[in-house]
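Peer 1: There's a structure below that I have some questions on.
The values are calculated or read from the model by the stated rules, or taken from the named source; none is laboratory data. Predicted, not measured: the structure shown is a model, and the values here were computed from it. Ideal geometry is used to build each Cβ from the backbone, glycine not excepted, and the neighbour counts take in all protein chains shown. Just so you know, the surface numbers come from the protein's heavy atoms only, side chains and all, with ligands and any DNA or RNA stripped out. Shrake-Rupley method; radii C 1.70, N 1.55, O 1.52, S 1.80 Å.
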Amino acid sequence: MTASSVRPVSEREARQVAEAAREQLWHKPSFAKELFLGRFRLDLIHPHPAPAPDDVRRGETFLAKLREFCETRVDAARIEREARIPDETIKGLKELGALGMKIDTKYGGLGLTQVYYNKALALAGSISPAIGALLSAHQSIGVPQPLKLFGTQEQKDLFLPRCARTDISAFLLTEPDVGSDPARLATTAVPDGDDYLLDGVKLWTTNGVVADLLVVMARVPRSEGRKGGITAFVVETASEGVTVENRNAFMGLRGLENGVTRFHRVRVPAANRIGPEGAGLKIALTTLNTGRLSLPAMCAGAGKWCLKIAREWSAAREQWGKPIAEHEAVGAKISFIAATTFALEAVIDLASQMADEDRNDIRIEAALAKLYGSEMAWLMADELVQIRGGRGYETAASLAARGERAVPAEQMLRDLRINRIFEGSTEIMHLLIAREAVDAHLSVAGDLIDPDKSLQDKGKAAAKAGGFYARWLPGLLTGPGQLPGAYPEFRPPVAHRHPQRKRSAQPPASGHPDLSPHLRYVERSARKLARSTFYAMSRWQGRMETKQGFLSRIVDIGAELFAMSAACVRAEMLRSRGDHGAAAYQLADVFCRQARIRADELFARLWTNTDDLDRKVVSGVLSGAYEWLEQGVLDPSGDGPWIADATPGPTDKQNVHRPIR
């Protein structure tokens, strides 16, 4: 079977597979879910949740050790130059316990909270994004997290101690012809006695080149007495029939141990199956609910580094008689980097602490953090390159060779680019979040727009929807966002004035801006967002899922509102602790003002856009109507198929697997 001969899957079947894998119920409250429904539940995130003292002590102790290790034993320039993390560096990380940051202490791990795990990733990723990716792929989506959530006690006892100290793990889902559409998954796991025989090819297996243990998603054939379906397995990389056929190279993350892995009649014990047959995708998606938080954590770390370099360089570099930071064109970029870094840290810390407390369902919050963090970090790195000018485009090695500070700005830009693709591309994240955002509507009115439902089913759905919307729609008309005095705890303290003077005329005693108008904006905008979504569903009904431009803007507005909320709550937390309160309020205020401009533009583009015209142009491109426009250039691409052959069978390539001991 070649890559091009993977069994055809209809659009409807693909949707059904994805729908069956998602969590159907909401057992806990969700701030983001309520936000998309037009309900600003500030009480779910404010006061800002705080970690337990023991968690802080344990986390800070490890961060200090990790910082010393990164400063003294990590050669970032060597990793970039050799496109490989040295074995001794990985061995040092193992000795430090970094492989077991999220693994419980009873299995030999460090037992860090999500908050401190993310702080550690941000720290390690700032010295080398490749190291951050290695640790994240191992613990966020590799063997430890699925076993923590779905593994048997026997599996935990067997594998988690290895993952905590010695064994690197990887997660294998993607195939040469299968990306975000798992309905077409071609790797199979055929039952054979008490085992399964695994056959197939997996692409872009991060850590796969050096991994000892793999989480593999494979399709078990349906048969009598077997449900079958996509299933998760723990596979020993050293098993007979496992071959790492290629170590892939990329634009950035040059130290990434990412490869192509082939399975040929690999015998996997049934005891290594995670969960029941057919539960693989649900396990993957549930794992990603918190696993996705690792990427925005490293994005926040990247923002901090961009801010440091922008500050130092812009003060040192002079043009036309003054530092370039004092020129408005450059200053605006620095302000954007500073404010956005504050917001990204607010988003990731809030979502992580919510994950630790486990009081809320954070599947949407984590997805929003990943989407927003990856997009904004890329913009910040791009602005840093622009601030640095020609030096931003020049490599660190070249800068050092001619006697200047080796600032890897262009490397940061290259390294961050993958985050808009990793663990769900921006486009897929838009669709995933949009699906969750309209879940309440589909649960009550989905049958009304389902062409396969009978008239009787549609009648029942109409009655159910009528009751829901009769209660929901009136709540979208008015709210606290229209009351000038709402959210008073986010107003700054005021100086003592004569009692006859009006309060509104009193200046802040602390120099803090007033954040309450921004929260009122969030509340008003949440209701507007929900009204817009309802109107679109009424207008397009069953065609709503095809309006991906509209849905993307809805999600992006929600992301801005979530980030604004997190920034304000974090600023108030820092103020209440006496920890840079005035500066935090200033950063939150500037960020919210910038975010409001972006959100207002997105609201306008919901209904004024070129989506219909774009579809016509795309049809013309695909039909060849504009081929004349391509004339006058040469294509330097090499020969070969667009998608590599993934026919199951024995390998004809050398095994480049490189276990590190």
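Peer 1: If a residue has to be of a type in the set (Gly, Ala, Ser) and either modelled with pLDDT of 95 or more or under 33 Å from the mean Cα position of the chain (by Cα) (or both) to count, how many in region 429-464 make the cut?
Peer 2: Count: 6.
Peer 1: For region 239-255, name all the residues that are assigned to a loop (DSSP other than H, G, I, E, B) and open to solvent by less than 10 Å² (accessible area, probe 1.4 Å). Show your work before the answer.
Peer 2: Here is the first cut: in region 239-255, the residues assigned to a loop (DSSP other than H, G, I, E, B) are 239-241, 248-255.
Scanning region 239-255 gives Gly252, Gly255.
Peer 1: Just to confirm my filter: which helices (runs of 4 or more DSSP H) fall fully inside region 279-366 and include at least 3 residues that are among the basic types (Lys, Arg) and open to solvent by 10 Å² or more (accessible area, probe 1.4 Å)?
Peer 2: Values: elements: 280-291, 294-316, 328-357.
Output list reads 294-316.
Peer 1: Just need a number here: residues in region 514-546 that are assigned to a loop (DSSP other than H, G, I, E, B) and open to solvent by less than 30 Å² (accessible area, probe 1.4 Å). Reasoning before the result, please.
Peer 2: Just the residues of region 514-546 that are assigned to a loop (DSSP other than H, G, I, E, B), to begin with: 514-515.
Pick out the ones that are also open to solvent by less than 30 Å² (accessible area, probe 1.4 Å) and you get 515.
Final tally of qualifying residues: 1.
Peer 1: May I ask you to list the residues in region 357-370 that are of a type outside the set (D, E, K, R) and within 13 Å of Leu288 (Cα to Cα)? Before you say what the answer is, go through the steps one by one.
Peer 2: Pass one, region 357-370, residues of a type outside the set (D, E, K, R): 360, 362, 364, 366-369.
Selection gives Ile362, Ile364, Ala366, Ala367, Leu368, Ala369.
Peer 1: Conditions first: (1) over 26 Å from Met544 (Cβ atoms); (2) assigned to a helix (DSSP H, G or I). Ala434 passes all but one, so which condition is the exception?
Peer 2: Unmet condition: (1).
Peer 1: May I pose another question? Scan region 403-460 residue by residue and report those that are basic (Lys, Arg) and more than 22 Å from Pro182 (Cβ to Cβ).
Peer 2: Pass one, region 403-460, residues basic (Lys, Arg): 405, 414, 417, 420, 435, 453, 458, 460.
Within region 403-460, Arg405, Arg414, Arg417, Lys453, Lys458, Lys460 qualify.
Peer 1: Right, Arg84: open to solvent by less than 80 Å² (accessible area, probe 1.4 Å), of a type in the set (Lys, Arg) and more than 30 Å from Arg520 (Cβ to Cβ) or not?
Peer 2: Values: open to solvent by less than 80 Å² (accessible area, probe 1.4 Å): no; of a type in the set (Lys, Arg): yes; more than 30 Å from Arg520 (Cβ to Cβ): yes.
No, not satisfied.
Peer 1: Right, another one. Restricting the search to region 22-43, which residues are among the aromatic types (Phe, Trp, Tyr) and in contact with a Ser or Thr (Cβ under 9 Å, 6 or more places away or on another chain)? Steps first, please.
Peer 2: Narrowing region 22-43 to residues among the aromatic types (Phe, Trp, Tyr): 26, 31, 36, 40.
Matches in region 22-43: Phe31, Phe36, Phe40.
Peer 1: More than 30 Å from Met412 (Cβ to Cβ) and surrounded by 18 or more Cβ atoms within 10 Å (Cβ to Cβ), is that true of Phe171?
Peer 2: When the stated conditions are applied, Phe171 does not pass them.
Peer 1: Among Ala462, Ala377, Ala437, Ala367, which is the only one that is more than 26 Å from Lys308 (Cα to Cα), outside the structural domain of Phe534 (by the TED database) and touching a residue at least 12 places away in the same chain (Cβ under 8 Å)?
Peer 2: Ala367
Peer 1: I've got another one for you. Within the group Ser510, Ser504, Ser552, which residue is over 19 Å from Phe40 (Cα atoms), open to solvent by 10 Å² or more (accessible area, probe 1.4 Å) and either touching a Ser or Thr at 6+ places or on another chain (Cβ under 7 Å) or modelled with pLDDT of 95 or more (or both)?
Peer 2: On the way: Ser510 fails: either touching a Ser or Thr at 6+ places or on another chain (Cβ under 7 Å) or modelled with pLDDT of 95 or more (or both); Ser504 fails: either touching a Ser or Thr at 6+ places or on another chain (Cβ under 7 Å) or modelled with pLDDT of 95 or more (or both).
That would be Ser552, the only listed residue that is over 19 Å from Phe40 (Cα atoms), open to solvent by 10 Å² or more (accessible area, probe 1.4 Å) and either touching a Ser or Thr at 6+ places or on another chain (Cβ under 7 Å) or modelled with pLDDT of 95 or more (or both).
Peer 1: Collect the residues in region 96-129 that are part of a loop (DSSP other than H, G, I, E, B) and touching a helix residue (DSSP H, G or I) at 6+ places or on another chain (Cβ under 6 Å), keeping them in residue-number order.
Peer 2: Met101, Lys102, Ile103, Gly108, Gly109, Leu110, Gly111, Leu112, Thr113, Ser128
Peer 1: Another question, if that's okay. Quickly run through region 611-652 and pick out the residues that are touching a residue at least 60 places away in the same chain (Cβ under 8 Å) and under 19 Å from Gly200 (Cα atoms). Full working, then the answer.
Peer 2: Here is the first cut: in region 611-652, the residues touching a residue at least 60 places away in the same chain (Cβ under 8 Å) are 611, 614, 641, 643-651.
Within region 611-652, Pro641, Ile643, Ala644, Asp645, Ala646, Thr647, Pro648, Gly649, Pro650, Thr651 meet the criteria.
Peer 1: Within region 164-172, is there a residue that is under 22 Å from Ile421 (Cβ atoms), modelled with pLDDT of 95 or more and among the aromatic types (Phe, Trp, Tyr)?
Peer 2: Looking for residues that are under 22 Å from Ile421 (Cβ atoms), modelled with pLDDT of 95 or more and among the aromatic types (Phe, Trp, Tyr), one finds at least one in region 164-172, hence yes.
Peer 1: Any residue in region 59-75 that is closer than 28 Å to Phe562 by Cβ, out of contact with any His (no Cβ under 9 Å at 6 or more places or on another chain) and either surrounded by fewer than 18 Cβ atoms within 10 Å (Cβ to Cβ) or at pLDDT below 95 (or both)? Don't jump to the end; show me each part of the working.
Peer 2: From region 59-75, those closer than 28 Å to Phe562 by Cβ are 59-60, 63; that's our starting set.
Among the residues that remain, those that are also out of contact with any His (no Cβ under 9 Å at 6 or more places or on another chain) are: 59-60, 63.
Applying the additional criterion that residues be either surrounded by fewer than 18 Cβ atoms within 10 Å (Cβ to Cβ) or at pLDDT below 95 (or both) yields 60, 63.
Among the residues of region 59-75, at least one is closer than 28 Å to Phe562 by Cβ, out of contact with any His (no Cβ under 9 Å at 6 or more places or on another chain) and either surrounded by fewer than 18 Cβ atoms within 10 Å (Cβ to Cβ) or at pLDDT below 95 (or both), which makes the answer yes.
Peer 1: Among the residues of region 465-486 satisfying the criterion of being of a type in the set (A, V, I, L, M) and in contact (Cβ under 8 Å) with a residue 60 or more places away in the chain, which is most open to solvent (accessible area, probe 1.4 Å)?
Peer 2: As a first pass, look at region 465-486 and keep what is of a type in the set (A, V, I, L, M): 465, 470, 473, 476-477, 483, 486.
Narrowing further to those that are in contact (Cβ under 8 Å) with a residue 60 or more places away in the chain: 473, 476.
Details: Leu473: 57, Leu476: 4 Å².
Ranking the qualifying residues of region 465-486, first place goes to Leu473.
Peer 1: Looking for whichever is surrounded by fewer than 24 Cβ atoms within 10 Å (Cβ to Cβ), under 20 Å from Ala366 (Cβ atoms) and among the charged types (D, E, K, R) here; the options are Lys148, Lys106, Lys156, Lys102. Which one fits?
Peer 2: Details: Lys106 fails: under 20 Å from Ala366 (Cβ atoms); Lys156 fails: under 20 Å from Ala366 (Cβ atoms); Lys102 fails: surrounded by fewer than 24 Cβ atoms within 10 Å (Cβ to Cβ).
Unique residue meeting the criteria: Lys148.
Peer 1: So, in region 16-33, exactly how many residues are open to solvent by 30 Å² or more (accessible area, probe 1.4 Å) and either charged (D, E, K, R) or assigned to a loop (DSSP other than H, G, I, E, B) (or both)?
Peer 2: Final tally of qualifying residues: 9.
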